[in-house]
Amino acid sequence: MTKVIAPGREGGKVALEALKALLHDGQSVALIANESEAQVLEPTQPLHSPEPTLILLTGGSTHSRKAVELPVSRLLASARASEHVTGANLMWLTALTPTSIAGANTVVRSLINGFEPVVWRGIGGMETFSAENFIPTLEEALLESEKKNAGVATSLVPTQVHRLMDSPLALDLLSKFAAVLVGGAKLESSVRTSLLQKNVRVIETYGATETSGGCVYDGLALPGVNVIIENNTAHIFGKTNALCYRDGTPLNKWNSKDIAEIIEGRIVISGRSDNTIKVAGVNVNLDEVTDALKSHYLSSDLAVVGVEDNEYGFRIAIFATTELLDIENTVLSIVGVKKLPITFQRITEIPLMANGKVDVQHLRGLNLE
């Protein structure tokens, strides 16, 4: 197994070369963003598959990270299943770090179709994601796809989408993409509607590193993927599941710990079952509060976290890039109670992890006003 660290400005290119070696030369590889993550790889533990294998770390935005073994056959099964929805023969724009499963998948999907992906130069945290910084890459991807006579697609997280919504040029460029996958968190329904009205073919995805990335598209399981809901929680198994964690724990049937239900024939994920905190004796699901606030305050980038409190157990902490008028009463109306400890802090931008998800641990560490 070769360990590859892909930090900084060249991180996208370094990871691209590593994934080429995995697919074309049969070289097993572990992709990490920095040396501090190396201990999670359990380097002395042998691989559990004879196949070339990719090792990635789980997202870890709120919990400790785990290393996952993804044999090539599982990655390819995921890529081909995705094509049933996105279409085949696509070149991909990589806008998320390939050290995450979503970013790695865009590279794999492009390479198996014979195309090098276009990699956004900001990967690795060297540039803030914004419409202004991303538009040149959108234009480059469309130009390259035209040269190669192929369609082009990309994968984004909701925070990135939100930052593109005020740019008519960015949305116009995205409307020329064959598919724009959006995953990692729930996309507000109003944003989805707006994108569709602007002819952006947005496809909401659900999945995890343990399932080789997105395995449910717009509420429907991809071919070869099975989703069973037990005790209101989604359990996923099928040919795209990762083989195991590095300690050998099998992932043939993965308990997502995500609250799920079937509505009108589609799988609906409403949040993490373990993202509920007790605030002054009241159970509060932070995912539900976040979704409701994003629908209410459409013009703000925001995040909601639980912060430990000596008096109340936890308090609800809201961070946003703009002032949120009447935020306390809005939260209370969402939760359905008259009083809870709530704090608000305005910050310049919501901190993101390398995979594009909100860095909850960083927010918890901020000194709240």
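With respect to Thr249, determine if the residue is buried (at least 18 other Cβ atoms within 10 Å of the Cβ), among the polar types (S, T, N, Q) and under 28 Å from Ala67 (Cβ atoms).
No, not satisfied.
So for the stretch 198-218 (the condition being at pLDDT below 95, of a type outside the set (Phe, Trp, Tyr), more than 18 Å from Ser78 (Cβ to Cβ) and not in a strand (DSSP E or B)), does at least one residue qualify?
no
Considering only the stretch 320-358, how many residues are exposed (fewer than 13 other Cβ atoms within 10 Å of the Cβ), among the hydroxyl-bearing types (Ser, Thr, Tyr) and in contact with a Leu (Cβ under 9 Å, 6 or more places away or on another chain)?
Qualifying residue count for the region: 1.
Could you list, in sequence order, all residues of the stretch 137-160 that are more than 24 Å from the chain's Cα centre (by Cα) and of a type in the set (Gly, Ala, Ser)?
Ser145, Ala150
Across the stretch 299-339, what is the number of residues that are within 24 Å of the chain's Cα centre (by Cα) and within 21 Å of Gly271 (Cβ to Cβ)?
Adding up the residues that qualify gives 13.
Just checking, how many residues over the stretch 31-87 are touching a Phe, Trp or Tyr at 6+ places or on another chain (Cβ under 8 Å), under 17 Å from Asn355 (Cβ atoms) and charged (D, E, K, R)?
1
Taking the stated definitions as given, is Gly365 on the phi > 0 side of the Ramachandran plot and modelled with pLDDT under 85?
Judged against the criteria, Gly365 is not a match.
Within the stretch 217-249, track down each residue that is of a type in the set (Val, Ile, Thr), within 23 Å of Thr99 (Cβ to Cβ) and in contact (Cβ under 8 Å) with a residue 24 or more places away in the chain.
Of everything in the stretch 217-249, those that are of a type in the set (Val, Ile, Thr), within 23 Å of Thr99 (Cβ to Cβ) and in contact (Cβ under 8 Å) with a residue 24 or more places away in the chain turn out to be Ile236, Thr240.
When only residues in the stretch 150-168 that are at pLDDT 95 or above and out of contact with any helix residue (DSSP H, G or I) (no Cβ under 6 Å at 6 or more places or on another chain) count, which is surrounded by the fewest Cβ atoms within 10 Å (Cβ to Cβ)?
Pro168
In the stretch 87-113, which residue that is buried (at least 23 other Cβ atoms within 10 Å of the Cβ), of a type in the set (S, T, N, Q) and in contact (Cβ under 8 Å) with a residue 60 or more places away in the chain is farthest from Lys257 (Cα to Cα)?
Within the stretch 87-113, the match that is farthest from Lys257 (Cα to Cα) is Thr94.
Which condition number in (1) within 17 Å of the chain's Cα centre (by Cα); (2) not in a helix (DSSP H, G or I) is the one that Asp166 fails?
Evaluating Asp166 over (1) within 17 Å of the chain's Cα centre (by Cα); (2) not in a helix (DSSP H, G or I) leaves (1) as the failure.
Answer yes or no as to whether Asp258 is surrounded by fewer than 19 Cβ atoms within 10 Å (Cβ to Cβ) and closer than 25 Å to Pro98 by Cβ.
So Asp258 does not fit the description; no.
What strands (runs of 3 or more DSSP E) completely inside the stretch 25-134 contain at least 2 residues that are at pLDDT 95 or above and in the same structural domain as Val182 (by TED's automatic domain parsing)?
53-57, 67-71, 90-94
Check Thr290, Thr321, Thr343 and return the single one that is more than 18 Å from Ala185 (Cβ to Cβ), not assigned by TED's automatic domain parsing to the domain that holds Gly59 and not aromatic (Phe, Trp, Tyr).
Just one listed residue meets the conditions, Thr343.
The values are calculated or read from the model by the stated rules, or taken from the named source; none is laboratory data. These numbers come from a predicted model, not from an experiment. Backbone-built Cβ (ideal geometry, glycine too); neighbour counts: all protein chains shown.
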